[in-house]
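First up is the structure itself, then whatever we jot down about it.
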């Protein structure tokens, strides 16, 4: 077989993907691509859809036959296809949000699953995922917090950025699974490119800054792709496997039994709080703590409610029927809600290289789409409240910088991070929270995104046990009570300050690395 390196671009029908095929060919690659429509007579193009695992598997089979059957190898896989938009979270349907994650997160994973056998046979073993500046929580939070509304950059605050943040974490997780095989994972932001997908953002930039886009330079497709190819050639040529995040302008970074609670006498002056996911652990303790802090406290359980302060809610429900029924019942009886805490989540080890579509969707349904459905459902009550605070319980594992730093450590010195989609969903949740605040901040809302620490719960037990092998990690497990006392203290301090804000915080109130 030829020693010419092979490259395949998923999503090559137009724009960046099409230009990548052309420039990679000019750079000496034997190039192939997938397009959503039936290909012409070109033997190097295969039909495939990111939402359809079977079509991607068929494309991989066609590639293998074209490359000589079982011996066919693939040095470089680039996943370029995506969906974009700027829909407001407040009116976004669960189905549309799942569509973003299905195309922009699960789609690339389907493509990787399909072409992984061919990649494993190659010398190059390089996977490139096209991300976005909109995935960077630090940039988006700074843009939202430090600039007057009229001066903010019109960076997408909707589900596109959230899905790309999840993609970044997926890439890091994949690297930790594939590094021992010599794989390189590269995540690259292509810049603000003059494509059909970017026209709405370019228009908003030019309305604000004039032609050219101001601080965000508008790149032509060829200019962007030239930079991407330079990055890929540089990194793919290195001998050591590596996870690389490339930001704007391609500057590489170094790189149980239901809870039962006694009813408190209600008073109209009491602020009202609701905890979503209070069956056990942190959620159960949050309810107790908030009661002691003087809140008229309500909660949701997945089992049948035990009193008139509990509601049946299942965030796994795709149409959100149970949460909307709970919100309707609450609003009818109580009217206003001051504090909403979204605590429910699922965790678990589910390696990306073995992850099924159903399990992947379940993680996003419970950890991202479910919380958004709850906010949408209870928003009328929150708008009537005085405090107007929404709290998302996140995780340190949702921090791209933390996961990347961990992934770059030698395997024997690397303290464990969750394998699979849990970190990716928390990164998406962080971005969702920032986006929600940009929609609600003018109404006096605050959105707090809080990491509760490494807590001694059933969910935290596997990480705590694994950390026993890393006594110098600097990470200490804390009790549920220690975590909840600090989390509620952080929330109360923010409310006392009286300034609507969006913050991503540790349980103790310090800033969480982004």
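Quick rundown of the values:
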| quantity | calculated |
| --- | --- |
| Residue ranges of helices (runs of 4 or more DSSP H) in region 395-508 with at least 1 members at pLDDT 95 or above and closer than 26 Å to residue 364 by Cα | 422-440, 480-497 |
| So residue 325, is it in contact with a strand residue (DSSP E or B) (Cβ under 9 Å, 6 or more places away or on another chain) and either within 30 Å of residue 441 (Cα to Cα) or assigned to a helix (DSSP H, G or I) (or both) | yes |
| Any hit, region 335-358, residues being in the same structural domain as residue 286 (by TED's automatic domain parsing), in a helix (DSSP H, G or I), crowded, with 19+ Cβ neighbours inside 10 Å and at pLDDT below 95 | yes |
| Failed item, numbered, when residue 361 is tested on (1) touching a helix residue (DSSP H, G or I) at 6+ places or on another chain (Cβ under 8 Å); (2) part of a helix (DSSP H, G or I); (3) modelled with pLDDT under 90 | (3) |
| Residue that is farther than 30 Å from residue 470 by Cα, out of contact with any helix residue (DSSP H, G or I) (no Cβ under 7 Å at 6 or more places or on another chain) and surrounded by fewer than 24 Cβ atoms within 10 Å (Cβ to Cβ), where the choices are 433, 441 | 441 |
| Any hit, region 218-235, residues being more than 30 Å from residue 295 (Cβ to Cβ) and at pLDDT below 75 | no |
| Unmet requirement for residue 508, which otherwise passes all of (1) crowded, with 17+ Cβ neighbours inside 10 Å; (2) under 28 Å from residue 289 (Cα atoms) | (1) |
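Every residue, every condition in (1) under 27 Å from the mean Cα position of the chain (by Cα); (2) at pLDDT 85 or above; (3) not in a loop (DSSP other than H, G, I, E, B), yes or no:
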residue	(1), (2), (3)
261	no, no, no
264	no, no, no
294	no, yes, no
298	no, yes, yes
319	yes, no, no
329	no, yes, yes
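The values are calculated or read from the model by the stated rules, or taken from the named source; none is laboratory data. Keep in mind it's a predicted model, so treat the numbers as computed, not measured. Glycine gets a Cβ as well: all are built from the backbone with ideal geometry, and neighbour counts include every protein chain shown.
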